[in-house]
Amino acid sequence: MYTLAIDTSNNVLGVAITTKDVVIGQISTNLKKNHSVRLMPTIDLLMKQVEIKPSQLEKIVVAKGPGSYTGVRIGLTTAKSLAWALNIPVIGVSSLEVLAYQGRFHDALICPFFDARRGTVYTAGYIWHDGKMSCQLDETNILMTDWLDILLKEEKEVVFLSPDMNVFYEQIKDKLGMLAVIPEAPYHIANAAHLALAATHYREESTHLLTPNYLRLAEAEAKWRQAQKRENKHGG
Amino acid sequence: MNKNKDIYILGIETSCDETAVAIVKNGREIVTNIVASQIDSHKRFGGVVPEIASRHHVEQITIVLEEAFNQSQLDWDDIDAIAVTEGPGLVGALLVGVNAAKAIAFAKGKPLIGVHHIAGHIYANRLIKEFEFPLLSLIVSGGHTELVLMKKHGQYEKIGETRDDAAGEAYDKVARMLGLPYPGGPYIDRLAKEGEAKIDFPRAWLERGSYDFSFSGLKSAVINYIHNAKQRNVEIDKADIAASFQASVVEVLTEKTYHAAQQFGVKQVIVAGGVAANKGLRTSLKKRFKTTELLVPPLHLCTDNAAMIAAAGTIKFKQGKRSDLTLNANPSLPLQ
Ligand SMILES: [Zn+2]
């Protein structure tokens with residue numbers, strides 16, 4: 001029986017089919033191009049290539065964000081609907097954790113990040129420990145300058161992994177200097193097969209309860225909450 | 001295969017703030033029709049917030065699918081195709097329905113059918129009564145004000161549309177000015193009954209013979225009226241404003257629909273969309289159409305639902321029209 005892994009949470013559109021020990025197939029592109037149009041045809045193509053029918057799937061794994069709100073929703077909706085229709089479990093894995101797997105062989109603090117605009121990033125800190133990626137610094141949406149200050153206090157090497165490296169490269173180098181390890185291009189792209197691997201450490205959730213990991217409130221929601229807070233203060 | 005087999009279509013609709021799934025038999029009979037409304041969540045913002053609507057759809061979609069499917073007592077073998085709203089609507093909201101439909105169609109090996117939201121609103125009426133062509137449809141909602149002529153199934157000719165605000169949009173804006181809650185339509189409708197239409201707000205008839213609509217002038221007139229009253233410190237009568245505003249909207253909608261019906265010699269006139277629930281509009285249309293058959297669906301089929309998408313999808317299914325897995329949300333999908 002097979003696991004189907006799906007990642008459309010950022011520019012990478014990745015689909016993989018794995019068993020417990022083998023990656024059977026994988027397709028990936030790194031383009032800012034319509035994930036909604038291309039995801040299902042990509043899944044269809046891969047499954048045909050490896051000659052696996054939907055009924056042979058036993059698990060769906062999906063990157064649940066953070067990342068592009070729309071991309072995350074496309075992945076999750078597709079994964080949840082497939083899981084529901086096939087009556088199989090679905091597991092959501094952090095998009096940051098999946099990317100962190102690209103730093104698997106480094107002793108340093110592994111720091112994946114995605115550009116979240118206005119100088120901020122979605123990020124977290126991981127180390128490879130006890131046969132899996134374990135989270136050292138919790139996922140957060142933070143100004144990159146503030147984040148680099150936090151990392152500096154760790155006083156150790158940090159591996160930076162990000163498809164948006166070009167936006168923050170100078171800033172990282174300026175602040176962390178020799179402590180910053182920035183590998184070559186292929187390491188900055190999440191690998192869908194790692195989703196399936198990461199998922200082996202997670203318990204299955206109810207399909208209905210799996211929700212995106214936006215790491216940020218919708219703008220209208222944030223404004224509304226702020227207004228409520230102000231009102232409460234004035235109202236006594 | 002039995003040619004007279006019943007056709008069951010599963011419909012999905014997520015174009016705005018309702019997550020809806022339904023199963024319809026032979027395009028005419030509702031098997032199940034589940035609608036999860038988000039209105040309570042958007043009320044505090046005074047309107048639908050697209051990003052929040054999309055977030056709710058993702059949370060709701062499989063729950064609503066399951067409820068609809070379980071209630072139907074059908075097997076997957078019974079389902080002939082998956083129909084889904086591909087547009088128009090809020091793109092982020094549409095995406096959830098479209099991607100869910102594609103995934104299910106793929107998982108279960110079912111044909112996929114993209115449906116136009118307005119075609120859905122029209123076909124909501126076929127769940128009540130069989131169509132007779134030619135027919136004219138007036139679609140009025142928060143997003144639409146259109147007159148559509150149909151000479152046969154699945155063929156739509158738009159003969160008029162709004163050039164600015166949709167009728168429902170004007171209702172919401174005027175309601176906000178009057179301090180009424182969102183969505184404003186039902187509140188204005190109710191308030192209008194208590195007032196008198198004695199303020200002379202403009203009616204936008206546009207060029208002679210045009211079936212297009214325009215409500216932005218009316219909206220501005222109402223806003224100006226309220227501002228002027230405030231400046232002069234004159235107490236405004238909200239009920240009278242509501243009644244006068246509604247009178248203007250209803251008169252234009254009724255007269256344009258009536259004249260189009262006359263010109264094209266239609267056998268039926270269908271009213272569809274959320275504003276079709278408006279009592280003032282229903283009463284006025286009923287008075288005007290004495291000989292032509294007037295169809296107004298019950299409230300739960302006027303507002304967005306998935307039974308209407310399954311009903312419209314059934315026609316496409318019978319005509320052999322299919323979508324493939326590249327189907328995408330199209331917020332400005334033309335009706336054709
Ligand atoms: Zn609608």
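Strictly greater than 26 Å: what percent of every Cα pair in the range B:132-296 meets that?
In whole percent, the long-distance tail amounts to 26.
Using only the Cα atoms of the range B:87-197, construct the convex hull and provide its projected area averaged over every direction, in square nanometres to one decimal.
Seen from a random direction, the Cα hull of the range B:87-197 projects 10.1 nm² on average.
If you take the Cα atoms of the protein assembly as shown, find Rg, then find the Kirkwood Rh from the mean of 1/r over all pairs, what is Rg/Rh?
My calculation puts Rg/Rh at 1.04.
With the other protein chains left in place, how much accessible area per residue, in square angstrom, belongs to the range A:96-187 at a 1.4 angstrom probe?
For the range A:96-187, the per-residue accessible area is 51 Å².
If we count every other residue with Cβ under 14 angstrom of B:ILE226's Cβ, Lys/Arg +1 and Asp/Glu -1, where does the sum land?
Neighbour charge sum, excluding B:ILE226 itself: +3.
Thinking of the range B:30-149 as a set of Cα atoms, what percent of all their pairs are more than 26 Å apart?
Percentage above 26 Å: 29.
Given the convex hull over the Cα atoms of the range A:96-187, what projected area results after averaging over all orientations, in nm²?
Averaging across all directions leaves 5.3 nm² for the Cα convex hull.
To test your reading of the geometry: what angle, between 0 and 90 degrees and rounded to tens, separates the Cα axis of helix B:185-194 from the longest principal axis of chain B?
Helix B:185-194 sits roughly 40 degrees off the main axis of chain B.
Can you tally the net charge around B:ASN305? Count Lys and Arg as +1, Asp and Glu as -1, for every other residue whose Cβ sits under 12 Å from the Cβ of B:ASN305.
Computed value for this residue: -3.
For chain B, calculate the relative contact order in percent as a whole number, restricting contacts to Cα pairs under 8 Å that are 6 or more residues apart.
26 percent
How shielded is B:145-156 by partner chains, expressed as the average number of their Cβ atoms within 10 Å of its Cβ atoms?
Partner-chain Cβ atoms within 10 Å, mean over residues of B:145-156: 0.
Please average, across the residues of B:101-112, the number of beta carbons from any other chain that are within 10 Å of each residue's own beta carbon, and give a whole number.
6
Report the local net charge at B:GLU132: Lys and Arg +1, Asp and Glu -1, summed over other residues whose C-beta lies under 12 Å from its C-beta.
Summing Lys/Arg as +1 and Asp/Glu as -1 gives +3.
How big is the antiparallel share of DSSP beta bridges in chain B, given as a percent to the nearest 5?
55 percent
Show that you can apply the helix-only estimate: for the protein assembly as shown, add -39,500 (n - 2.57) for every DSSP H stretch of four or more residues, divide by all residues, and state [θ] at 222 nm to the nearest 500.
So the helix-based figure for the protein assembly as shown works out to -12500 deg cm²/dmol.
Report the Stokes-Einstein translational diffusion coefficient (µm² s⁻¹, integer) for the range B:85-150, Rh taken as the Kirkwood radius over Cα pairs, at 4 °C with viscosity 1.567 mPa s.
95 µm²/s
Per 20 Å bin, what percent of the C-alpha pairs of chain B does each bin hold, from zero upward?
The calculated distribution, bin by bin, is 32, 55, 12, 0.
Compute the normalised compactness of chain A: alpha-carbon radius of gyration over 2.2 N^0.38 Å, N being the residue count.
It is 1.07.
Beyond a 22 Å Cα-Cα separation, which of these cross-linked pairs lie in this structure: B:LYS238/B:LYS279; A:LYS32/B:LYS316; A:LYS80/B:LYS25; B:LYS129/B:LYS316?
Flagged as over cut-off: A:LYS32/B:LYS316; A:LYS80/B:LYS25.
When only C-alpha pairs under 8 Å and at least 6 residues apart count, what is the relative contact order of chain A, in percent?
It comes to 22 percent, rounded to a whole number.
Using a 10 angstrom cutoff on alpha carbons, build the Gaussian network for chain A and name the most mobile of A:ALA222, A:ALA108, A:ALA192.
Looking only at A:ALA222, A:ALA108, A:ALA192, the biggest GNM fluctuation is shown by A:ALA222.
At a 10 angstrom cut-off on C-beta neighbours, averaged per residue, how do the peptides A:122-132, B:223-233, A:173-183, B:13-23 rank from highest to lowest?
Peptide ranking by packing, descending: B:13-23, A:122-132, A:173-183, B:223-233.
Need the list of lysines near A:LYS156 for cross-linking: C-alpha distance under 25 angstrom, and skip anything on the same chain fewer than eight residues off.
A:LYS132, A:LYS173, A:LYS175
Dividing the Cα convex hull volume of the range A:76-127 by residue count, how many Å³ per residue is that?
About 95 Å³ per residue, rounded to a whole number.
Could you give log10 I(q)/I(0) at q = 0.13 Å⁻¹ for the range B:276-327, computed by the Debye formula over C-alpha point scatterers of equal weight, without solvent?
With no solvent term, the Cα-only Debye profile gives -0.52.
If I build a Gaussian network model for chain A, linking alpha-carbon pairs within less than 10 angstrom, which residue out of A:ARG216, A:ARG38, A:ARG118 has the largest mean-square fluctuation?
A:ARG118
Relative to the first principal axis of the alpha-carbon coordinates of chain B, what is the inclination of helix B:167-177, with its axis defined by its Cα atoms, in degrees from 0 to 90 and to the nearest 10?
Its long axis makes an angle of about 50 degrees.
Compute the angle between helix A:144-153 and the longest alpha-carbon principal axis of chain A, please, reported from 0 to 90 degrees and rounded to the nearest 10.
The angle comes out at about 80 degrees.
Accessible area of chain B with a 1.4 Å probe: how many percent of it is carbon plus sulfur?
48 percent
Can you tell me the alpha carbon radius of gyration of the range A:162-215 divided by the globular rule-of-thumb value 2.2 N^0.38 Å?
Dividing the Cα radius of gyration by 2.2 N^0.38 Å gives 1.63.
Between the DSSP loop rule and a limit of at most 16 other Cβ atoms within 10 Å, which GluC sites (Glu not before Pro) in the range A:144-207 are left?
Filter output for the range A:144-207: A:GLU154, A:GLU155, A:GLU157, A:GLU184, A:GLU204.
The values are calculated or read from the model by the stated rules, or taken from the named source; none is laboratory data. Note that the coordinates shown come from a computational prediction; the quantities given were computed from them, not determined experimentally. Positions of Cβ are generated from backbone atoms using ideal geometry, with glycine treated the same way; all protein chains shown enter the neighbour counts. To get the accessible areas, we keep the full protein, side chains included, count just its heavy atoms, and leave off ligands, DNA and RNA. Shrake-Rupley method; radii C 1.70, N 1.55, O 1.52, S 1.80 Å.
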